[in-house]
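Undergrad: Sending over a structure as structure tokens; questions will come in a sec.
The values are calculated or read from the model by the stated rules, or taken from the named source; none is laboratory data. Remember, it's a predicted structure, so these values are computed and weren't measured experimentally. Because the Cβ atoms are built from the backbone with ideal geometry, glycine has one as well, and the counts that use them run over all protein chains shown.
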Amino acid sequence: MKRLIEEVLVEPQTSQSTITTQIPAAFAKEIVSQGIIDLITFWLNQNPILPPREAYQIFQQSRSLTPQQLTQIIFKEAPQGDRNEKKRFEITSLICAAILGCLLLVFLVMRFEPKIQLLFNEAAERQWIISHFQSSSPIDLISFSLLIILFSVIPGFPASIIGIVAGICFGHWLGFMVNVIGITMGNFIAATFLNTISNHWVKRRPNRLYADLVNMRHPKLGVVIGYSIPFIPSMLVNVAATDLKFSPPQLFSLCLTGSLVVSALYSFSGDALFKGNFRLLALLLVLMAALVTLVRVIHIDRKQAR
């Protein structure tokens, strides 16, 4: 049967289009012929067996769909009970995360209240105030990291503002460390365990950036760029990363790599704002705006994948 299929594949077609690809013809033939054989085997083992015409129509339609589109069909056909159970779990988790985040925020405000009062002490030297304010304890660093994780997990929560505040409270390097830990873990958890609700929000209407990310020639590069640009919602990038089916180690490395840039921008901006270094702050704002041009790289890479 396989030999017959391969003979049909090499027959001249009535309409041919020039396709630029690096896939050898032998590999292409194997992929197509084996796919047809698997489909025929699956069809003949169904009970009841579909009529040949219906089976052929399904085959024809499947040839024009991308793997991502086929995955969406599988998701839609998943048992409704399982999806509702997962959705309830995610809603409960997000509510608990929001409550815990608010309590943690109140706790940190109480911890930093004495330092905040120092800012209004006109008798103290400015340099001493800055040094004392940005002195930190392990519990402050851990609490702030956990707060950024929670705010990164919950869609719509201002994790970027907390990231900038981390630079104000700890200085640029410690703030950078806190941001990297919080943003990396938050995005990884959201993309791995809490993606049903985000998936619904992102896909309820067409989104060009999401479509570009999942159809890029180099999808890992696209995900890293998405996580690196402050103006791109992390929720959108998380959904794209989930649909691209990265392994957990790959996804974690992408979250970490992307968080390095945005963490540095947040922490150095907060520190510059607190110390009144407006020249550096202006430079960082220009750099943030320049990073938006990297979205163009995503669009170009997708065109090359066609």
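Undergrad: Identify all residues within the range 252-265 that are buried (at least 21 other Cβ atoms within 10 Å of the Cβ) and under 16 Å from Gly222 (Cβ atoms); write none if there are none.
TA: Result: Leu254, Cys255, Gly258, Ser259, Val262.
Undergrad: Answer with yes or no whether Asp271 is among the acidic types (Asp, Glu) and over 24 Å from Gln69 (Cβ atoms).
TA: Yes.
Undergrad: Here is a follow-up. Report whether or not Leu108 is closer than 25 Å to Leu260 by Cα and surrounded by fewer than 21 Cβ atoms within 10 Å (Cβ to Cβ).
TA: Considered against the rule, which asks whether it is closer than 25 Å to Leu260 by Cα and surrounded by fewer than 21 Cβ atoms within 10 Å (Cβ to Cβ), Leu108 comes out as yes.
Undergrad: Out of Phe75, Phe59, report the one residue that is farther than 23 Å from Gln304 by Cα, modelled with pLDDT of 70 or more and part of a helix (DSSP H, G or I).
TA: The match here is Phe59.
Undergrad: Considering the range 154-168 alone, what residues qualify as being closer than 16 Å to Pro230 by Cα, in a helix (DSSP H, G or I) and touching a residue at least 60 places away in the same chain (Cβ under 8 Å)?
TA: The answer is Ala159, Ser160, Gly163, Ile164, Val165, Ala166, Gly167.
Undergrad: For the range 117-138: of the residues being out of contact with any helix residue (DSSP H, G or I) (no Cβ under 8 Å at 6 or more places or on another chain) and assigned to a helix (DSSP H, G or I), which is nearest to Ile162 (Cα to Cα)?
TA: In this case the residue turns out to be Pro138.
Undergrad: Go through the range 194-214 and give me each residue that's hydroxyl-bearing (Ser, Thr, Tyr) and modelled with pLDDT under 85.
TA: Thr196, Ser198 - these are the residues of the range 194-214 that are hydroxyl-bearing (Ser, Thr, Tyr) and modelled with pLDDT under 85.
Undergrad: Oh, and also: Where residues in the range 247-278 are within 18 Å of the chain's Cα centre (by Cα) and without any contact (Cβ under 8 Å) to a residue 24 or more places away in the chain, which of them is nearest to Gly171 (Cα to Cα)?
TA: Among those residues, the one meeting the criterion is Ser253.
Undergrad: Can you tell me which residue among Gly171, Gly182 is touching a helix residue (DSSP H, G or I) at 6+ places or on another chain (Cβ under 9 Å), modelled with pLDDT of 95 or more and assigned to a helix (DSSP H, G or I)?
TA: Gly182
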